[in-house]
Amino acid sequence: MKKIFSVVLVALLAVGLMLVASGCGGGGSSSQQAGGTKTITVKFSHVVAESTPKGQAALKFKELLESKSNGQFKVEVYPSSQLYGDPEEMEALLANNVQLIAPSATKLVGLNPAFQLVDMPFLFKNDQAAYNFYDGEYGQKLMHSLENKGILGLAWWPNGSKHFTNSKRPLKRPADFQGLKFRTQSGGVLDDQFKALGAGSQTIAFGEVYQALQNKTVDGTENTFNNIDTQKYAEVQKYMTVSYHGRIDYVVLTNTKFWNSLTEDQKKLFTECMNEATKYERKLADELNQKSFENLKNSGKMEIYTLTDADREAFVKAMQPVYDKYTDKIGKEYIEAARNSK
Ligand code: LMR
């Protein structure tokens, strides 16, 4: 009996050592392939559904990097906050427990307040203007602004414009917001946006929003058509206002510890695959948001109101205090570059 126990124990220890040697459980780990080449494991964590533009582009990146590197890289994608939720994913990136995340720019406010630019009400003319801003001087400067904190921006993955939803009443004019409470992605501009409309706000992690809407912790939220659709908010929100008042766009980030561990050739390949995945994401963002808008309309679950030009003017005016307070904090040059982008 004792002998059998010892044999089992030795076998278990051997398996354990093999797992450690192969880097299992460690982020950015590398393991030896049969032919002697190393496999580098890249963990990509995000909070949205797999069927979203971000979810699909993450899978595209995996497909590209794994095939083009002939197995040198292995990419594990974890959607829907499976591995880390909103507040934890940045800590995980800094600890190199994940090597890629793609948070909404708003969520980087604690690291650089200029990322809140995406929340400035009615700032960008349209999607193309946002893409051109991100690819231009100021968008690139912003993306690279976290390098001294050990975080490297690799790409902008835009999702699209936000719209309001709520469970209480149609929101057609600023006065309709009075006394309601909205979920925000993070504090600052978004809190002040709702304050300007006479509403309250609370920051809630994306993975907990459906429940917060269901149990009425908050009355409403704001998101892209695609997130509203894929998170099934129509089950718990009776009204949607098509407002295009701000954006949800992502910054794909890695950490410098992981990045600096790569050879120049590996960095080049990684960048090439990221650029290709970025093109794919931008095309999908447009397509999937349109498709989701159709789904939301066709489901008949929500009463949908689209702001008229006059309504829009009333919102622009009501939200002016946000510009008064944040133009200097974000940087006048960033706001101007975004406003003038075509
Ligand atoms: C949100 O928190 O509403 C979004 O940033 C989620 C996402 O990643 O699209």
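The values are calculated or read from the model by the stated rules, or taken from the named source; none is laboratory data. Note that the coordinates shown come from a computational prediction; the quantities given were computed from them, not determined experimentally. Ideal geometry is used to build each Cβ from the backbone, glycine not excepted, and the neighbour counts take in all protein chains shown.
Okay, here's what the table says:
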| read-out | value |
| --- | --- |
| Qualifying residue in the range 166-180 (condition: within 17 Å of residue 115 (Cα to Cα) and in contact with a strand residue (DSSP E or B) (Cβ under 9 Å, 6 or more places away or on another chain)) | no |
| Of all residues in the range 274-284 being touching a helix residue (DSSP H, G or I) at 6+ places or on another chain (Cβ under 6 Å) and under 27 Å from residue 38 (Cβ atoms), the one that is surrounded by the fewest Cβ atoms within 10 Å (Cβ to Cβ) | 276 |
| Residue satisfying condition, being over 18 Å from residue 54 (Cα atoms), at pLDDT 95 or above and assigned to a strand (DSSP E or B), within set 254, 221 | 221 |
| Sole exception among (1) over 20 Å from residue 142 (Cβ atoms); (2) of a type in the set (S, T, N, Q); (3) surrounded by fewer than 18 Cβ atoms within 10 Å (Cβ to Cβ) for residue 271, by number | (1) |
| Among the residues listed as 60, 68, 43, the single one being modelled with pLDDT of 95 or more and in contact with a strand residue (DSSP E or B) (Cβ under 9 Å, 6 or more places away or on another chain) | 43 |
| Residue 139 outside any strand (DSSP E or B), out of contact with any Lys or Arg (no Cβ under 7 Å at 6 or more places or on another chain) and surrounded by fewer than 18 Cβ atoms within 10 Å (Cβ to Cβ) | no |
| Residues of the range 153-174 satisfying the condition of being among the hydroxyl-bearing types (Ser, Thr, Tyr) and either in a strand (DSSP E or B) or within 16 Å of the ligand (Cβ to nearest atom) (or both) | 161, 165 |
| Candidates 187, 179 - the one that is at pLDDT below 95 and not in a helix (DSSP H, G or I) | 187 |
| Residue 287 being buried (at least 21 other Cβ atoms within 10 Å of the Cβ) and of a type outside the set (A, V, I, L, M) | no |
| Failed item in (1) more than 26 Å from residue 135 (Cα to Cα); (2) touching a Lys or Arg at 6+ places or on another chain (Cβ under 7 Å), with residue 309 passing the rest | (2) |
| Any chance residue 170 is surrounded by fewer than 21 Cβ atoms within 10 Å (Cβ to Cβ) and touching a Leu at 6+ places or on another chain (Cβ under 7 Å) | no |
| Residue, farthest from the ligand (Cβ to nearest atom), within the range 178-236, restricted to residues that are basic (Lys, Arg) and within 28 Å of residue 287 (Cβ to Cβ) | 232 |
| Flag for residue 125 being away from the ligand (no atom under 15 Å from the Cβ), under 20 Å from residue 326 (Cα atoms) and not acidic (Asp, Glu) | yes |
| Residue match in the range 169-181 (condition: under 24 Å from residue 49 (Cα atoms) and of a type outside the set (Asp, Glu)) | no |
| Looking only at the range 38-72, and only at residues there that are over 18 Å from residue 207 (Cβ atoms) and aliphatic (A, V, I, L, M), the one that is farthest from the ligand (Cβ to nearest atom) | 40 |
| Sole residue being farther than 16 Å from residue 45 by Cβ, in contact with a helix residue (DSSP H, G or I) (Cβ under 8 Å, 6 or more places away or on another chain) and not in a helix (DSSP H, G or I), chosen from 117, 111 | 111 |
| Scope the range 257-289; condition more than 21 Å from the chain's Cα centre (by Cα), assigned to a helix (DSSP H, G or I) and within 20 Å of residue 94 (Cα to Cα); matching residues | 257, 260, 267 |
| Pairs, first in a loop (DSSP other than H, G, I, E, B) in the range 296-309, second not basic (Lys, Arg), C-beta under 6 Å, six or more apart | 301/234; 302/234; 302/240; 307/243 |
| Among residues of the range 162-180, those that are within 16 Å of residue 241 (Cβ to Cβ) and free of Cβ contacts under 8 Å to residues at least 60 places away in the same chain, counted | 5 |
| Criterion: closer than 18 Å to residue 259 by Cα, part of a helix (DSSP H, G or I) and not aliphatic (A, V, I, L, M) - qualifying residue of 44, 61 | 61 |
| Residue satisfying all of: in the range 90-108; in a helix (DSSP H, G or I) and within 14 Å of the ligand (Cβ to nearest atom); surrounded by the fewest Cβ atoms within 10 Å (Cβ to Cβ) among these | 90 |
